[in-house]
Amino acid sequence: MSQNAPAPQSLVFSPADVAARVDAAQTALARGLGESVVLAFVGAASAGKDAGIKALFGVDFGEVDPVPGSTDRLRAVALDTAGQVLVVNAPGFGDLRAEVAATSQALLHKLDLAVYVVNADGGATADDKAHLAALRALQRPVLVVLNKIDLIRPHQKEAFVSATFAQLGVEPGDGVVAAFDPLPALSAGPIGLDGVTEWIVRTLTAQGKAMLFARQLRDKALACEALIKAAARRSALAGAIPVPGADMAAVTAVQVQLITEIAAIYGRRMDRDLALFIVAEALAGSGKGFVRWATNALKTAGWIPGGQLGEVAASALGAAVSSAATYGVGRAAVSYMEKESLGLPVSGADIRAVFETFARQARGGGVPGIGAAPAAALAAGAADDVLDAEIETPSPGGAGR
């Protein structure tokens, strides 16, 4: 990178740009919501599948009517009135495929992913290994959840989890620990739902089906957090180029798509004025704001010690800045939707304050699952009190919100 890097004005975006991206985001959302999703929760009767389904979706399998094709061993229910999101509850897929009716076979063929639940209290069994092998033979993504982890002694937990995942052949990133119905003395609510949710959202995002799943979660905040982290990772990829500002169009597109999806989680249709209000107010920053840090860091990346690595450093900075900014925008959008749902007013200052808090948290590596800003980024950013770059933003169309 040279000293001829673009000035901060290269980060300017216009109302027309945001409006166009809102239209594209609405089209993508409608396309994704027109799909269908079949999720399977598999495991022994004592593993806690029903508790997991109830914790995630608020559905009690014993109180809902199964869909046609369900059997005593393979039960499936629709989470929505249109029947687009189906959850299958089964003990295992070993000999099951040969036993179920043709209608149930159709469900298995439509399977998008499976969550295999293992009872940590009893440990992995030979049946677990056999059922997992049958699931993997379907060539569908499989998450292994080591449930009831609250029953394992704390000093034994790390070794136990490592040994169990190794025994079951679980790849890094495809296993999480949880306690869907923990001991009340240890936790007032389920443990580990965020890990399960984030894995499913990450897996379904590649298929364009993540929103179908996210809209069915009983916890809106949990759904939004998974979507925000997924968007932050996409922004990191879009921002990892050695030209400051050139990635803004791609990153803004990710951010507009994200707030459109967050609005849908809250049952609100995103409009152009609202999109412009949230993005513009968040990125306007404050007197010593995140965006001013980011701009200064990117402009000076070429002068980081070891100048021959300037472009590599700039790429790392761009990824860190884009990821953190998107995380901040997402959390600001959630704050807006939460307050609006309660009938409370939301000002630009409110949006900026939330953005600042969470973008800075992400920038410092305080948000698991999206990566951390490299040390070089913090060095290049220097102290907030010496930053003087300014970001131009258009006046939000949603004045008076």
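The values are calculated or read from the model by the stated rules, or taken from the named source; none is laboratory data. Everything numeric here is computed off the predicted structure, so don't read it as measured data. A quick note on method: Cβ atoms are made from the backbone with ideal geometry, for glycine too, and the neighbour counts reach across all protein chains shown.
Annotations
- Members of the stretch 75-89 found to be among the charged types (D, E, K, R) and surrounded by fewer than 17 Cβ atoms within 10 Å (Cβ to Cβ), listed by number: Asp80
- Considering the conditions (1) of a type outside the set (Lys, Arg); (2) modelled with pLDDT of 50 or more; (3) part of a helix (DSSP H, G or I), Pro368 is excluded by exactly one of them, (3).
- Single match in Gly318, Gly302 (criterion: surrounded by 15 or more Cβ atoms within 10 Å (Cβ to Cβ), assigned to a helix (DSSP H, G or I) and at pLDDT 50 or above): Gly318
- The stretch 111-149, residues that are in contact (Cβ under 8 Å) with a residue 60 or more places away in the chain, in a helix (DSSP H, G or I) and loosely packed, with under 15 Cβ neighbours inside 10 Å: Asp127
- The stretch 195-221 - residue that is free of Cβ contacts under 8 Å to residues at least 40 places away in the same chain and crowded, with 19+ Cβ neighbours inside 10 Å and, of those, nearest to Leu56 (Cα to Cα): Val201
- When Val77, Val18, Val42 are screened for being hydrophobic (A, V, I, L, M, F, W, C), over 20 Å from the mean Cα position of the chain (by Cα), modelled with pLDDT of 60 or more and not assigned by TED's automatic domain parsing to the domain that holds Asn119, only Val18 passes.
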